[in-house]
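Here the structure comes first, spelled out in structure tokens, and everything after it is commentary.
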Amino acid sequence: MSKCVVVDTTKSPWARLRPVPVNAVKLRDSFWGNRIEVLRKVTIPTQYEELEGTGRIENFRKVARGDKDIIWRIADDSDVYKWVEAAAFTLAYEYDSNIERMLEEVVDAISSAQDEDGYLFTYYAYDKRSRWKDLIRMHELYCAGHLFQAAIAYYRATGRDKLLNTAIRLADHIADVFGPDGQSGAPGHPEIEMALVEMYRQTGREKYLELARFFLDQRGKGLLGGDIVLIDHKPFRELDSMVGHAVRAIYLCCGATDIYLETGDESLYNTLERLWRSMMKRMYITGGVGSRYHGEAFGEDYELPNVRAYAETCAAVANVMWNWRMLMVTAEARFTDVIETVIYNGALSGISLDGRHYFYVNPLADRGRHSRQEWFRCACCPPNIARLLASLPGYFYSTSSKGIWIHLYASSTSTIELNGRIVELTQETKYPWEGRVKLKVNPEKTDTFSLFIRIPEWCEEVKIIVEKKEFKRKVLPGSYLKIERDWHYGDTIEVLMSMKPTLIVSHPHVLGNTDRVAIKRGPIVYCLEHIDNPDFDVWDIVIPPDIQLKEEFRPELLNGIVVVRGRAFVIDSKRWENRLYLPLKNMPLELRKVEFRAIPYYAWANREPGPMIVWLRSIVPKNNP
């Protein structure tokens with residue numbers, strides 16, 4: 001089996017970090033290890049059934065047979081490609097004959113549908129005159145990008161080049177159509193840019209990198225109608241804020257970051273920094289992005305409604321993908337902090353605990369009407385969250401010439417190649433429920449290198465113990481701690497991070513969160529759900545600022561979680577007697593004491609429907625001068 005990496009920066013001149021393959025890390029914990037097992041046994045097979053049942057895979061077979069009874073939906077091909085990518089990473093992580101069989105069937109179907117000139121898009125299989133004519137609405141280039149990523153993952157996982165050869169023929173066809181000497185145009189839905197760069201990395205064909213840069217530079221010329229939702233209102237390098245359709249915008253940033261990693265174009269990186277800092281003012285506490293239903297778009301700074309939060313699951317996946325690339329550029333922990341926030345909250349909420357139900361949008365407050373679905377007519381989110389989870393082992397570590405970078409924590413064993421030698425790393429931890437991580441370092445022979453240990457931004461206190469001696473250097477939250485020494489087989493490091501429930505407030509311009517707090521413990525954002533608090537409406541709760549929060553691990557609840565409990569108050573909203581407005585002096589404000597129980601946000605809506613809320617009303621303390 002080849003080295004199945006997610007983004008191959010091994011030879012990227014402007015990358016500080018290099019990838020560790022998905023198949024080099026084995027997660028042994030009950031959190032992520034269990035998730036990936038459910039993915040393998042439930043999610044991948046049931047998604048295959050949905051793709052077959054809805055005709056998405058059959059479309060390719062019909063094209064190969066010349067059957068024109070196609071189900072005409074412009075993005076259906078991409079759903080199949082994302083599933084292939086997810087299945088390939090899953091197969092790389094752990095061999096499964098059933099997944100291999102499904103993959104082979106789907107790969108054969110895809111490749112058999114390719115036209116003689118390399119074109120592949122089932123929607124226009126029989127309509128050659130319409131090809132490449134409507135880049136604003138049609139998803140030809142978007143689907144092509146997902147095919148490229150799927151083909152690369154499949155090749156890296158299995159060593160089989162059938163789908164990669166199909167992707168190369170399509171990429172060559174697109175390069176013949178578009179470019180400085182060909183047709184102008186930019187994809188209405190970015191995606192192909194980052195995929196073309198990865199094709200360049202895989203094949204060494206520079207024309208793919210140049211084509212990615214061409215598509216990026218075509219934006220802002222009005223070729224897409226100058227639409228801000230499509231990020232065509234300005235050239236990319238002139239953008240100063242994250243706007244437009246959230247998934248489109250972040251995928252575009254992924255492509256731009258990949259181009260920077262290969263070219264070192266500083267104008268691109270300067271833009272990416274501006275856009276990232278803009279996004280930090282438009283991101284939910286869960287890491288979700290894209291607050292507007294209209295256009296599935298970013299809002300203005302601090303425009304973060306809770307009930308009407310769109311926060312599409314695909315946008316959360318994209319957020320991880322972009323921050324991972326920025327981390328490869330900079331090796332800065334601020335990007336890893338975002339990755340961790342998203343994977344434990346805004347992305348993970350997009351899939352149920354049973355692995356077969358999904359959220360398309362992820363609100364932060366609900367009256368019990370929002371429920372997970374087995375599938376969607378526009379089915380972008382299910383295979384997207386599947387490919388993120390399947391590739392997750394590849395996000396735990398990176399390497400550089402100086403050592404090994406530890407990004408994420410979970411009980412695991414890893415085999416990492418560093419400067420031509422093998423280092424085995426073992427993590428023992430109950431993270432994210434406990435903040436103690438024991439690392440065991442096993443180099444194949446005594447060697448000098450550095451371990452760069454990430455200290456999460458949320459961690460207020462941390463102690464590092466190296467070979468039973470406390471590490472005295474100052475440790476800063478939101479940074480990587482460098483430990484350089486001669487490493488011997490069996491050396492250990494303990495990372496002891498304080499992990500206690502904390503009340504979080506938001507910027508005062510987030511009007512929906514005025515006088516409200518959220519509960520966070522470690523990387524986990526919490527919510528209140530009606531089923532755990534049946535004696536009151538969770539929307540009526542009022543948190544005192546001096547609350548004493550207690551924590552308790554409940555192994556039988558929601559696959560095992562830490563529950564946060566406390567004593568608070570609730571407003572008696574029944575006393576409003578169907579009144580919407582009242583004079584302040586007449587407001588019936590009666591509070592009664594209650595005990596509440598909060599659960600991780602990612603786990604809500606896995607039981608019976610009912611009200612849910614993340615941002616809780618709080619009594620604001622008076623600051624006496």
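The values are calculated or read from the model by the stated rules, or taken from the named source; none is laboratory data. None of the values given here were measured: they were computed from a predicted structure. We place every Cβ from the backbone using ideal geometry, glycine too, and count neighbours over all the protein chains shown. These area figures cover heavy atoms from the full protein model, side chains too; ligands, DNA and RNA do not enter into them. Shrake-Rupley method; radii C 1.70, N 1.55, O 1.52, S 1.80 Å.
Condition first: over 26 Å from GLY512 (Cα atoms) and open to solvent by 10 Å² or more (accessible area, probe 1.4 Å). Now tell me which residues in the stretch 355-382 satisfy that.
Listed by number, the residues that qualify are ARG356, HIS357, GLN373, GLU374, TRP375, PHE376, ARG377, CYS378, CYS380.
Given the condition aliphatic (A, V, I, L, M) and more than 17 Å from LYS41 (Cα to Cα), answer yes or no: does some residue in the stretch 83-100 qualify? Even if it seems obvious, please write down each step before you answer.
Start the filter on the stretch 83-100 by keeping residues that are aliphatic (A, V, I, L, M), which leaves 84, 86-88, 91-92, 99.
The next check asks that each one be more than 17 Å from LYS41 (Cα to Cα); those that pass are none.
For the stretch 83-100, residues aliphatic (A, V, I, L, M) and more than 17 Å from LYS41 (Cα to Cα): absent.
Can you name the residue in the stretch 217-237 that is farther than 25 Å from ALA331 by Cα and not in a loop (DSSP other than H, G, I, E, B) and, of all such residues, is most open to solvent (accessible area, probe 1.4 Å)?
Filtering the stretch 217-237 for residues farther than 25 Å from ALA331 by Cα gives 217-235.
From what is left, the residues that are not in a loop (DSSP other than H, G, I, E, B) are 217-218.
Working: ASP217: 62, GLN218: 13 Å².
Looking at the filtered set, the residue picked out is ASP217.
For the stretch 246-268, does any single residue satisfy the condition of being out of contact with any helix residue (DSSP H, G or I) (no Cβ under 9 Å at 6 or more places or on another chain) and surrounded by fewer than 22 Cβ atoms within 10 Å (Cβ to Cβ)?
Applying the first criterion (out of contact with any helix residue (DSSP H, G or I) (no Cβ under 9 Å at 6 or more places or on another chain)) to the stretch 246-268 yields 264.
When the remaining residues are screened for being surrounded by fewer than 22 Cβ atoms within 10 Å (Cβ to Cβ), the result is 264.
Yes.
In a helix (DSSP H, G or I) and basic (Lys, Arg), is that true of LYS68? Give the steps one after another, and end with the answer.
On the way: in a helix (DSSP H, G or I): no; basic (Lys, Arg): yes.
In short, no.
For LEU224, which of the numbered conditions (1) out of contact with any helix residue (DSSP H, G or I) (no Cβ under 6 Å at 6 or more places or on another chain); (2) free of Cβ contacts under 8 Å to residues at least 60 places away in the same chain fails to hold?
If we test LEU224 against (1) out of contact with any helix residue (DSSP H, G or I) (no Cβ under 6 Å at 6 or more places or on another chain); (2) free of Cβ contacts under 8 Å to residues at least 60 places away in the same chain, just (2) comes out false.
Quick one: how many residues across the stretch 412-426 are touching a residue at least 60 places away in the same chain (Cβ under 8 Å), open to solvent by less than 20 Å² (accessible area, probe 1.4 Å) and in contact with a Leu (Cβ under 9 Å, 6 or more places away or on another chain)?
Going through the stretch 412-426 one residue at a time, the tally reaches 3.
Can you tell me how many residues in the stretch 506-533 are free of Cβ contacts under 8 Å to residues at least 40 places away in the same chain and touching a Ser or Thr at 6+ places or on another chain (Cβ under 8 Å)?
In the first step, residues of the stretch 506-533 are kept if they are free of Cβ contacts under 8 Å to residues at least 40 places away in the same chain; the result is 508, 514.
Retained after the next criterion (residues that are touching a Ser or Thr at 6+ places or on another chain (Cβ under 8 Å)): 508.
Within the stretch 506-533, residues that are free of Cβ contacts under 8 Å to residues at least 40 places away in the same chain and touching a Ser or Thr at 6+ places or on another chain (Cβ under 8 Å) number 1.
For the stretch 375-400, how many residues meet the condition of being assigned to a loop (DSSP other than H, G, I, E, B) and farther than 20 Å from PHE335 by Cβ? Steps first, answer last, please.
Going through the stretch 375-400, the residues assigned to a loop (DSSP other than H, G, I, E, B) turn out to be 375-380, 396.
Within this subset, residues satisfying the condition of being farther than 20 Å from PHE335 by Cβ are 375-380.
Total meeting the criteria: 6.
Considering only residues that are in a loop (DSSP other than H, G, I, E, B) and surrounded by fewer than 23 Cβ atoms within 10 Å (Cβ to Cβ), which ones fall in the stretch 317-354? Steps first, answer last, please.
If we filter the stretch 317-354 for residues that are in a loop (DSSP other than H, G, I, E, B), which is where we start, we get 331-332, 347, 352-354.
Once the filter is applied, which keeps residues that are in a loop (DSSP other than H, G, I, E, B) and surrounded by fewer than 23 Cβ atoms within 10 Å (Cβ to Cβ), the stretch 317-354 yields ALA331, GLU332, SER352, LEU353, ASP354.
Please specify each residue of the stretch 412-468 satisfying the condition of being part of a strand (DSSP E or B), under 18 Å from TYR344 (Cβ atoms) and of a type in the set (D, E, K, R).
Looking only at the stretch 412-468, we keep the residues that are part of a strand (DSSP E or B), and these are 412-418, 421-429, 436-443, 447-455, 462-466.
Keeping just the survivors that are under 18 Å from TYR344 (Cβ atoms) gives 412, 427, 429, 436-437, 454-455.
Of everything in the stretch 412-468, those that are part of a strand (DSSP E or B), under 18 Å from TYR344 (Cβ atoms) and of a type in the set (D, E, K, R) turn out to be ARG436, ARG454.
For (1) touching a helix residue (DSSP H, G or I) at 6+ places or on another chain (Cβ under 9 Å); (2) touching a residue at least 60 places away in the same chain (Cβ under 8 Å), each residue gets a yes or a no:
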residue	(1), (2)
ALA386	yes, yes
LEU389	yes, yes
SER401	no, no
GLU428	no, no
TYR431	no, yes
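Could you tell me whether any residue of the stretch 12-30 is out of contact with any Ser or Thr (no Cβ under 9 Å at 6 or more places or on another chain) and in contact (Cβ under 8 Å) with a residue 12 or more places away in the chain? So that I can check it myself, show each step before the final result.
So in the stretch 12-30, the residues out of contact with any Ser or Thr (no Cβ under 9 Å at 6 or more places or on another chain) come out as 12.
Applying the additional criterion that residues be in contact (Cβ under 8 Å) with a residue 12 or more places away in the chain yields 12.
Scanning the stretch 12-30 turns up at least one residue that is out of contact with any Ser or Thr (no Cβ under 9 Å at 6 or more places or on another chain) and in contact (Cβ under 8 Å) with a residue 12 or more places away in the chain.
Only one of these is among the hydrophobic types (A, V, I, L, M, F, W, C), surrounded by fewer than 21 Cβ atoms within 10 Å (Cβ to Cβ) and under 18 Å from PRO45 (Cα atoms): ALA109, ALA75. Name it.
Numbers: ALA75 fails: under 18 Å from PRO45 (Cα atoms).
Among ALA109, ALA75, only ALA109 is among the hydrophobic types (A, V, I, L, M, F, W, C), surrounded by fewer than 21 Cβ atoms within 10 Å (Cβ to Cβ) and under 18 Å from PRO45 (Cα atoms).
Any residue at all in the stretch 512-520 that is over 27 Å from the mean Cα position of the chain (by Cα) and either farther than 30 Å from VAL466 by Cα or of a type in the set (Val, Ile, Thr) (or both)? Step through it out loud before you land on a result.
Taking the stretch 512-520 as the starting set, the residues that turn out to be over 27 Å from the mean Cα position of the chain (by Cα) are 514-515.
Of the ones still in play, those that are also either farther than 30 Å from VAL466 by Cα or of a type in the set (Val, Ile, Thr) (or both) are 514-515.
Among the residues of the stretch 512-520, at least one is over 27 Å from the mean Cα position of the chain (by Cα) and either farther than 30 Å from VAL466 by Cα or of a type in the set (Val, Ile, Thr) (or both), which makes the answer yes.
So, in the stretch 155-213, of the ones that are open to solvent by less than 30 Å² (accessible area, probe 1.4 Å) and charged (D, E, K, R), which residue ends up farthest from the chain's Cα centre (by Cα)?
ARG156
For TYR360, are the conditions met, namely being within 25 Å of LEU481 (Cβ to Cβ) and either in contact with a strand residue (DSSP E or B) (Cβ under 9 Å, 6 or more places away or on another chain) or at pLDDT 95 or above (or both)? Let's see the steps before the verdict.
Working: within 25 Å of LEU481 (Cβ to Cβ): no; either in contact with a strand residue (DSSP E or B) (Cβ under 9 Å, 6 or more places away or on another chain) or at pLDDT 95 or above (or both): yes.
Here the answer is no, as TYR360 does not meet what is asked.
Can you confirm whether GLY287 is crowded, with 24+ Cβ neighbours inside 10 Å and within 21 Å of the chain's Cα centre (by Cα)? First the steps, then the outcome.
Values: crowded, with 24+ Cβ neighbours inside 10 Å: yes; within 21 Å of the chain's Cα centre (by Cα): yes.
In short, yes.
So that you can scan it fast, the table gives a plain yes or no per residue for (1) on the phi > 0 side of the Ramachandran plot; (2) of a type in the set (D, E, K, R); (3) touching a Leu at 6+ places or on another chain (Cβ under 9 Å):
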residue: ASP29; (1), (2), (3): no, yes, no
residue: ILE36; (1), (2), (3): no, no, yes
residue: THR46; (1), (2), (3): no, no, no
residue: GLU52; (1), (2), (3): no, yes, no
residue: ILE57; (1), (2), (3): no, no, yes
residue: ALA75; (1), (2), (3): no, no, no
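Taking the stretch 486-511, which residues are over 30 Å from GLY299 (Cβ atoms) and surrounded by 15 or more Cβ atoms within 10 Å (Cβ to Cβ)? Lay out the reasoning, then the answer.
So in the stretch 486-511, the residues over 30 Å from GLY299 (Cβ atoms) come out as 486-500.
Residues satisfying the conditions are TRP487, ASP491, ILE493, GLU494, VAL495, LEU496, MET497, MET499.
Residue by residue through the stretch 409-454, note down the ones that are among the aromatic types (Phe, Trp, Tyr), within 24 Å of the chain's Cα centre (by Cα) and within 14 Å of ILE483 (Cβ to Cβ).
Step one: of the stretch 409-454, the residues among the aromatic types (Phe, Trp, Tyr) are 409, 431, 433, 449, 452.
Filter once more, keeping what is within 24 Å of the chain's Cα centre (by Cα): 409, 431, 433, 452.
Residue satisfying the conditions is PHE452 alone.
Per-residue answers, yes or no, for (1) over 16 Å from TRP405 (Cα atoms); (2) in contact (Cβ under 8 Å) with a residue 60 or more places away in the chain:
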{"residue": "GLU434", "(1), (2)": "yes, yes"}
{"residue": "ASN442", "(1), (2)": "no, no"}
{"residue": "GLU484", "(1), (2)": "no, yes"}
{"residue": "SER498", "(1), (2)": "yes, yes"}
{"residue": "PRO501", "(1), (2)": "yes, yes"}
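Across the stretch 1-35, what is the total count of residues that are open to solvent by 10 Å² or more (accessible area, probe 1.4 Å) and in a helix (DSSP H, G or I)?
Count: 5.
Using beta carbons and a limit of 7 Å, which pairs, at least six apart or on different chains, have the first residue in the stretch 326-341 and more than 19 Å from ALA315 (Cβ to Cβ) and the second one open to solvent by less than 10 Å² (accessible area, probe 1.4 Å) and at pLDDT below 95?
Cβ pairs passing all conditions: none.
Out of all the residues in the stretch 429-436, is one or more at pLDDT 95 or above and farther than 29 Å from THR313 by Cα? Lay out the reasoning, then the answer.
Filtering the stretch 429-436 down to residues at pLDDT 95 or above leaves 429-436.
From the residues that got through so far, the ones that are farther than 29 Å from THR313 by Cα too are 436.
For the stretch 429-436, residues at pLDDT 95 or above and farther than 29 Å from THR313 by Cα: present.
Considering each of VAL84, VAL42 in turn, give the residue that is modelled with pLDDT of 95 or more, surrounded by fewer than 19 Cβ atoms within 10 Å (Cβ to Cβ), within 27 Å of THR413 (Cα to Cα) and of a type in the set (A, V, I, L, M). Steps first, please.
Details: VAL84 fails: surrounded by fewer than 19 Cβ atoms within 10 Å (Cβ to Cβ).
Selected residue: VAL42, the only one of VAL84, VAL42 that is modelled with pLDDT of 95 or more, surrounded by fewer than 19 Cβ atoms within 10 Å (Cβ to Cβ), within 27 Å of THR413 (Cα to Cα) and of a type in the set (A, V, I, L, M).
Residue under question is GLY610, and the condition is that it be crowded, with 17+ Cβ neighbours inside 10 Å and in a loop (DSSP other than H, G, I, E, B); does it hold?
Working: crowded, with 17+ Cβ neighbours inside 10 Å: yes; in a loop (DSSP other than H, G, I, E, B): yes.
Against the criterion (crowded, with 17+ Cβ neighbours inside 10 Å and in a loop (DSSP other than H, G, I, E, B)), GLY610 qualifies.
Tell me the strands (runs of 3 or more DSSP E) entirely within the stretch 512-594 that contain at least 2 residues that are open to solvent by 30 Å² or more (accessible area, probe 1.4 Å) and closer than 30 Å to ARG35 by Cβ. Don't jump to the end; show me each part of the working.
Numbers: elements: 516-521, 524-529, 541-543, 550-554, 561-571.
Answer list for the stretch 512-594: 550-554.
Name the single residue, out of those in the stretch 54-71 being at pLDDT below 95 and among the aliphatic types (A, V, I, L, M), that is least open to solvent (accessible area, probe 1.4 Å).
ILE70
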